[in-house]
1. Any residue that is open to solvent by 20 Å² or more (accessible area, probe 1.4 Å), over 20 Å from the mean Cα position of the chain (by Cα) and under 24 Å from Gly214 (Cα atoms) - is there at least one of those in region 65-72?
2. Quickly run through region 230-255 and pick out the residues that are within 12 Å of the ligand (Cβ to nearest atom) and surrounded by fewer than 14 Cβ atoms within 10 Å (Cβ to Cβ).
3. Which residue, of Ala283, Ala231, Ala253, is within 27 Å of Val75 (Cβ to Cβ) and touching a helix residue (DSSP H, G or I) at 6+ places or on another chain (Cβ under 6 Å)?
4. Looking at region 182-192, is at least one residue farther than 29 Å from Asp256 by Cα, hydrophobic (A, V, I, L, M, F, W, C) and within 16 Å of the ligand (Cβ to nearest atom)?
5. Going by the structure shown, is Ile257 under 14 Å from Leu174 (Cβ atoms) and β-branched (Val, Ile, Thr)?
6. Which residues, taken from region 198-229, are of a type in the set (Lys, Arg) and within 12 Å of the ligand (Cβ to nearest atom)?
7. Kindly indicate the residue of region 262-318 that is of a type in the set (Lys, Arg), closer than 23 Å to Gly71 by Cβ and more than 16 Å from the ligand (Cβ to nearest atom) and also surrounded by the fewest Cβ atoms within 10 Å (Cβ to Cβ) among those meeting that condition.
8. Do you know which residues across region 82-133 are within 12 Å of the ligand (Cβ to nearest atom), surrounded by 23 or more Cβ atoms within 10 Å (Cβ to Cβ) and over 17 Å from the mean Cα position of the chain (by Cα)?
Amino acid sequence: MQLLRRNRILRQSPAIRAMVAETLITPADFIAPLFITEGENIREEIPSMLSYYRMSIDLTVKEVKELWQMGIRSVLLFIKCNDELKDNKGTEALNPDGLMQRSIRAIKNACPDMLIMTDVALDPFSSYGHDGIVENGEIVNDATVEVLAAMSVSHAAAGADFVAPSDMMDGRILAIRQALETEGYTKTGIMAYSAKYASCFYGPFRDALDSAPGFGDKKTYQMDYANRKEAVKEVLMDIEEGADIVMVKPAMAYLDIIREVKDTVDVPVSAYHVSGEYAMIKAAAKMGWLNEEKAILESLTGIKRAGADMIATYFAKDAVKLIS
Ligand code: PBG
């Protein structure tokens, strides 16, 4: 054959492939989610998330220092609230000495340059396991938004760099931004879970925090996975309301959404590679059915290639080890 163009020329050796690679993942791309629990010296493996742990504050601080050493620059905090502190209004979420607020302060103290992002939603604090206040079997919007705004201020006061509302109530970004402005937290960012879908892939996370909904599901506030245009509407509204970063969640079944959002907006886009996505790779690897290391790199590179500027992933540490 006499061909004018041979595409395999650019694939023939590792050196050439590395030179022409379009997408590179780096440690600074990753946001490491952390699950924090009360107590001291506690490190409990989450049964549905092999090799991922809930840790007490002291061990979380150690972990954060290690992440920093590795080049990871951002952590996303979730706390497991004790059952007796849960109520319908998420009262404990506003406690200035609550587990979240103490965790933020401890991490800031030990590792001041690490970016601290905090989950803002009521589910870990809710006796119903819902992201908002429940009235007559419904998750009510406006009363919930008030709590979310106060919660965000409380996280900012403790030292959070970004609040990350994951609740999907309407108008919460505006309310949070206004509350932060009113209280003088003009440097606190908002990473909005803008296109968050009602997904079965959150299952293991709800085990980690013991936060599964006590009744019903989250379909009246999280998005229907059949929809794409709606994701664009959500992110544009969140940006108008004051979001600094918008997020698409989950990631792997939503790569088209990540791309659509990336092409539409002029703010950074993050993607959340969620607990179920982690669990699937871990389980298949344990069975010997997938090469875990390759599956991690391929998944995370795919998410970045789709358009994510940053990725929240339970594989953050593994990925950094693999790429360095
Ligand atoms: C709660 C919240 C969830 C996740 C992040 N924040 C679960 C849910 O909405 O039920 C999921 C994260 C994961 O699965 O890794 N607002």
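1. Checking region 65-72: not a single residue is open to solvent by 20 Å² or more (accessible area, probe 1.4 Å), over 20 Å from the mean Cα position of the chain (by Cα) and under 24 Å from Gly214 (Cα atoms).
2. Passing the criteria: none in range.
3. Result of the check over Ala283, Ala231, Ala253: Ala231.
4. No, every residue in region 182-192 fails to be farther than 29 Å from Asp256 by Cα, hydrophobic (A, V, I, L, M, F, W, C) and within 16 Å of the ligand (Cβ to nearest atom).
5. Taking the combined requirement at face value, the residue does not satisfy it.
6. Passing the criteria: Arg206, Lys218, Lys219.
7. Lys294
8. Across region 82-133, the qualifying residues are Gly90, Ala93, Phe125, Ser126, His130, Gly132.
The values are calculated or read from the model by the stated rules, or taken from the named source; none is laboratory data. As the structure is a computational prediction, the values presented were derived from the model and not from experiment. Virtual Cβ from ideal backbone geometry, glycine too; neighbours counted across all protein chains shown. When the accessible area is computed, the model is the full protein with side chains, heavy atoms only, and any ligands, DNA or RNA have been set aside. Shrake-Rupley method; radii C 1.70, N 1.55, O 1.52, S 1.80 Å.
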